[in-house]
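S.K.: Pasting a structure below so you can have a look.
The values are calculated or read from the model by the stated rules, or taken from the named source; none is laboratory data. Not measured: the values here are computed from a predicted model. With ideal geometry, Cβ positions are generated from the backbone for all residues, glycine too; neighbour counts draw on all protein chains shown.
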């Protein structure tokens, strides 16, 4: 139950962050700070921000938007096809890899999920969602040191994120008790 709740929350977060945003033609690597604000800066046509000059969406961005819409309609298999299309068209698109990893994980395809999330994380190590979701996967698989490391990176990217703070505290308590 907790797994599906977390997956649903993660998928909803992906969709919520994309909702109302106009994707521009490239995904720029992030910087430390509030990831939600960075996504708005990267993906919205904000004055002075990327896309302000009216750059059209490329095919990969359009596939990501279609994939997010399909996720919102609870059609993950079709969303996967769109995200796979996006990474085929633009292999350096970190958001496409992260979205793909989240959906793979939700469908129980954990090896593919780990590879996709790691690829997104490698392309953009400031991607909060990649670090968080990799931490979740590692924790559930009993790889507690790796989970700690990914949660620590997520906490650096969003220091006030209550979920990550709780997960780090829980791992610390588990380490003290040996469980």
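S.K.: Among the residues of the range 93-151, which ones are within 10 Å of the chain's Cα centre (by Cα), free of Cβ contacts under 8 Å to residues at least 24 places away in the same chain and more than 25 Å from residue 59 (Cα to Cα)?
M.R.: 134
S.K.: Being touching a helix residue (DSSP H, G or I) at 6+ places or on another chain (Cβ under 6 Å) and at pLDDT 95 or above: is that true of residue 168 here?
M.R.: yes
S.K.: Can you tell me which residue is farthest from residue 118 (Cα to Cα) among those in the range 41-89 that are at pLDDT 70 or above and assigned to a loop (DSSP other than H, G, I, E, B)?
M.R.: 73
S.K.: Continuing with the same structure: Of these, 113, 92, which one is assigned to a loop (DSSP other than H, G, I, E, B) and touching a helix residue (DSSP H, G or I) at 6+ places or on another chain (Cβ under 8 Å)?
M.R.: Step by step, each of 113, 92 is checked, and only 92 is assigned to a loop (DSSP other than H, G, I, E, B) and touching a helix residue (DSSP H, G or I) at 6+ places or on another chain (Cβ under 8 Å).
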